[in-house]
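Here the structure comes first, spelled out in structure tokens, and everything after it is commentary.
The values are calculated or read from the model by the stated rules, or taken from the named source; none is laboratory data. These figures come from a predicted structure and were not determined experimentally. Neighbour counts are summed over all protein chains in view; Cβ atoms, including those assigned to glycine, are modelled from backbone coordinates with ideal geometry.
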């Protein structure tokens, strides 16, 4: 749809937050709070090993450390973790860019393979109304340790965006995407303005080859470049 709204898609781990991932921060938080036992960690490790032998990612669908945990309690702890630990990891340059898109009338979307329950407080803090993350399966009372639906990672991240845009509400040719990992190349290729942010070496080389914008959100030096690119269209 040519007249669809302009979206601004933001990856989270390494893009909006510095270095670490939301989920690793959360696991460490749960461990310090005594919410995880050695049995939980061992179960997670065994699942990771089994996945490796089966040729799968050891972490993508492996949420065994949350098996049998109460969803309401974990969600409350996720909010506490955000308020006490995650918020201080946000990159000011990245937040400035997201707010620039909001002021420009664009529609920001958080799109990450991390847990949706970790994206929820982040989205509220940033004033973002749309997000796509990894949903956790429950048996009605507890988490099962498995994911529900797509895990938005690699090609599935791009697929998740396409499913969200099934009605053509967004004009992807005029929209933006920010991501830091080579695994995000499928997502970046779907947008008219792909931006390799805090890029790992493989993504940086690909961005240079394709002529994509490259930014370091630890500095503001590239802000004008994307504003000029947008203004030309």
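Among all residues of the range 170-184, there is none that is surrounded by fewer than 18 Cβ atoms within 10 Å (Cβ to Cβ), modelled with pLDDT of 95 or more and farther than 25 Å from residue 96 by Cα. Within the range 120-170, the set of residues being over 17 Å from residue 9 (Cα atoms) and touching a residue at least 40 places away in the same chain (Cβ under 8 Å) comprises 121, 136, 138, 141, 142, 143, 144, 145, 146, 147. Each residue in the range 76-111 was checked for being under 30 Å from residue 146 (Cα atoms) and either at pLDDT 95 or above or not in a strand (DSSP E or B) (or both), and 18 pass. Check whether at least one residue in the range 174-181 is under 14 Å from residue 107 (Cα atoms) and part of a helix (DSSP H, G or I), and report yes or no. Yes, the range 174-181 has at least one match.
With respect to the conditions (1) under 24 Å from residue 186 (Cβ atoms); (2) touching a helix residue (DSSP H, G or I) at 6+ places or on another chain (Cβ under 9 Å); (3) modelled with pLDDT under 90, residue 55 falls short on a single one, namely (2). Residue count for the range 1-18 under the criterion of being surrounded by fewer than 17 Cβ atoms within 10 Å (Cβ to Cβ) and within 13 Å of the chain's Cα centre (by Cα): the result is 1. Touching a helix residue (DSSP H, G or I) at 6+ places or on another chain (Cβ under 7 Å), crowded, with 21+ Cβ neighbours inside 10 Å, at pLDDT 95 or above and closer than 16 Å to residue 153 by Cα: is that true of residue 191 in this structure? It is false that residue 191 is touching a helix residue (DSSP H, G or I) at 6+ places or on another chain (Cβ under 7 Å), crowded, with 21+ Cβ neighbours inside 10 Å, at pLDDT 95 or above and closer than 16 Å to residue 153 by Cα.
When the criteria are applied in full, residue 125 fails the requirement of being at pLDDT 95 or above and assigned to a strand (DSSP E or B). Taking the range 194-208 as the range and being surrounded by fewer than 17 Cβ atoms within 10 Å (Cβ to Cβ) and part of a helix (DSSP H, G or I) as the test, the residues that pass are 201, 202, 204, 205, 208.
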